[in-house]
Amino acid sequence: MAADSPEPFQMHELPGAPAFFGRDGELGALRDAWEQGYQGVYAIVGLGGAGKTAVVSQFLSDVNSSDNSLPRPARTFVWSFYRDADTGRFFREAYRYFSDSITESFTAAGLGLLHQLIEAMARQGRILVILDGLERVQISDPHRPEKFGNLEDPLLRNFLLRFTAGTGQAMVVITSRFPLADLTHRDCRCVRNVELGGLSVPAAIALLRERGVRGD
C-alpha cells in the first residue's frame, strides 16, 4: 500500500473466531488467490456458523498486517450486509470512499451512480472489496424456488457481474449461506466458488477441547 493511500474503509467490523481451527486450507487458498493477483469474485458459501466470516476476517487481518508478505491493496472496502442490508447506502458509501468525495449529496443515482463507482474504482489500482453476509440481499422465498439465490437488487447484481466479467483490478470476496445463482452462468469467467463444509474430525476435536469439552 502506498504511503499516501487512505485507510481501509471498514464500515462494519468482521467478527473473528475466538479460536481458529480447521480452516487453514480455505484460508491458504484465499491468500494464494490474492498473492497471485486474482481479479474477479471469490465466493465462500456455507451454512451459518461454518466459519465463513472468520476465514475472511483472518484473511483481512493478514492482508493489512505490516508483518505479512502479502501485497497490500491500494484500497480496501469492507461491508457487512448482516449489519446493514440497505444496498442504496452501500453504493453511496462505496462511491464516497473510492471517489474521495466528501459531499453528502449525490447527483447520480441508479445506473449513473453505478457507472461512476466502477470508474472511480478503476482509477485506484488493485483493490480488495469484502461483502459479508450476502444472503441478506438474496432471494430465499420458498414460493419462488426458481429464483433462489438470485440477488434482490438489480443494481447490486449488475455491479457484481462487472467483476465476474473481468472488469478492473478488484478482488471481490463474498460470503453467503446461499449459492450465488446470478454469478454462476457460463458468461461469468472470473468467479471462484468455495463451499465451506464441516470441520475435519481432528479440527472438530481440537475446537471442542478449546471450549472446555472433555470426553473419549
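The values are calculated or read from the model by the stated rules, or taken from the named source; none is laboratory data. Quick caveat, the model's predicted, so the values are computed rather than measured. Methodologically, a virtual Cβ is constructed for each residue, glycine included, from the backbone with ideal geometry; neighbour enumeration extends over all protein chains shown.
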Restricting to the stretch 154-179, and then to whatever is in a strand (DSSP E or B) and of a type outside the set (A, V, I, L, M), can you tell me which residue is surrounded by the fewest Cβ atoms within 10 Å (Cβ to Cβ)?
SER176
For SER176, work out the one condition from (1) closer than 24 Å to ASN64 by Cβ; (2) at pLDDT below 85; (3) among the hydroxyl-bearing types (Ser, Thr, Tyr) it doesn't fulfil.
(2)
So if I check each of LEU128, LEU134, which one is among the aliphatic types (A, V, I, L, M), touching a Lys or Arg at 6+ places or on another chain (Cβ under 8 Å) and modelled with pLDDT of 90 or more?
LEU128
GLY149 vs (1) within 19 Å of TYR42 (Cβ to Cβ); (2) assigned to a loop (DSSP other than H, G, I, E, B); (3) out of contact with any Phe, Trp or Tyr (no Cβ under 6 Å at 6 or more places or on another chain): all pass except (3)
